[in-house]
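Asker: Encoded as structure tokens, here's the structure I'll be asking about.
Just so it is clear, none of the values below were taken in a lab; they were calculated from the coordinates. Small disclaimer: the values here were computed from a predicted structure and weren't measured. Positions of Cβ are backbone-derived with ideal geometry, glycine not excepted, and every protein chain shown enters the neighbour counts.
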Amino acid sequence: MTFDLTVLGSAGSHAGPGRACSGYLLRADDTQLLVDCGNGSSANLQRITQPDELDAILITHRHVDHCVDLIGMYYALRFHPDGPRDIDLYAAPEVVDVLTGLLSQDSALAFREVFNVHEVTGGDRFEVGPMEVDLADAVHPVPTVSARIRSQGRTVVYSSDTAGSEELVELARDCDVFLCEATWQGDTRGYPPGMHLTARETGRLARRAEVRRLVLTHVLGSLDRAISLEQAIETFPGDVTLAEDLRSWVLA
């Protein structure tokens, strides 16, 4: 019985040196769930597994740093050497429209032949093998979901992009790993409202949710990540670390 999390991409908004954009692989026994597929993350995925070996994909919202590599995944599945493969795709509203808009007409029409699309929103629940996934709406300018993923008695919560909310605090409550965005540094003055968290805000949210481990992700690709870590530690007294591409945590 195993349950583990691997970071495939940890940069926010744009890639950074040696860092792809958002992508996370969760594996429970022989079941594999990909959560988000931002630019560059699918290359890291293929260091571990192959697109046709995934059991399902969850895309939390339509911003390209969370979904654009699904275009390459589409071609890998459609033109697989042994014939086309299909996979369940759980996607927030507008994701499929954005992705198919980037494809030629023939490929856009065939997108749903490769991906079995299930549109999801806050309050939805689905299962992928032994993993149970609960979703909550996130505070972000486009329809976005945060996810709580349980297996083997352990829990990973992924914030996706969010400005934070009471709903996220409750979703993350008592989780083993809180994979939470910390896009910005300093205070919120000068930043657009309703978009992202600063590292200090992420720490405060994790403290309120009483999480066991906080993993900072989606740090803006151009920032000094050591500063983000220092600022999160100021407000979260527990175990806190930075997400690194290809770093894994074994939960069970």
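Asker: Calculate the dipole size of region 3-250 relative to its Cα centre from +1 charges on Lys and Arg beta carbons and -1 charges on Asp and Glu beta carbons; express the result in debye to the nearest 20.
Answerer: Dipole magnitude for region 3-250 comes out near 600 debye.
Asker: Under unit Cβ charges (Lys, Arg +1; Asp, Glu -1), what dipole magnitude, rounded to 20 debye, does region 28-104 have relative to its Cα centre?
Answerer: The dipole magnitude comes to about 280 debye.
Asker: Same structure again: Work from the charge dipole of the chain (Cβ charges, +1 for Lys and Arg, -1 for Asp and Glu, about the Cα centre) and give the residue of His218, Gly186, Val156 farthest towards its positive end.
Answerer: Value computed over the given set: Gly186.
Asker: With a 10 Å Cβ neighbour count serving as the proxy for reagent exposure, in which order, fewest first, do Ile59, Ile71, Ile48 appear?
Answerer: Ile48, Ile71, Ile59
Asker: Taking springs between alpha-carbon atoms closer than 10 angstrom, which of Ala20, Ala76, Ala11 fluctuates most in the Gaussian network model of the chain?
Answerer: Taking springs between Cα atoms under 10 Å, the residue moving most is Ala76.
Asker: Specify the residue with the greatest mean-square fluctuation among Arg62, Arg125, Arg200, computed from a Gaussian network of the chain linking alpha-carbon atoms under 10 Å apart.
Answerer: Highest fluctuation of the listed residues: Arg125.
Asker: Rounded to a whole number, what is D in µm²/s for the chain from Stokes-Einstein with the Kirkwood radius over alpha-carbon pairs (37 °C, 0.692 mPa s)?
Answerer: D = 184 µm²/s.
Asker: Another question, if that's okay. In what sequence do Tyr191, Tyr158, Tyr75 fall when counting other Cβ within 10 Å, fewest first?
Answerer: Final ranking by Cβ density, sparse to dense: Tyr75, Tyr191, Tyr158.
Asker: Next up: Return Thr60, Thr31 ranked ascending by Cβ neighbour count within 10 Å, so the fewest neighbours appear first.
Answerer: Lowest count first: Thr31, Thr60.
Asker: Could you tell me which residue out of Val120, Val145, Thr202 lies farthest along the dipole of the chain toward its positive end? Charges go on the beta carbon: Lys and Arg +1, Asp and Glu -1, centred on the Cα centre.
Answerer: The residue sitting farthest along the positive end of the dipole is Thr202.
Asker: Just how far, in whole angstrom, is region 47-74 from region 1-43 if you go by their alpha carbon centroids?
Answerer: Answer, in whole Å: 9.
Asker: Moving to a separate point now. Considering the options Ala76, Gln46, Gln231, tell which one lies farthest towards the positive end of the dipole of region 3-250, charges being +1 on Lys and Arg and -1 on Asp and Glu at the Cβ, about the Cα centre.
Answerer: Value computed over the given set: Gln231.
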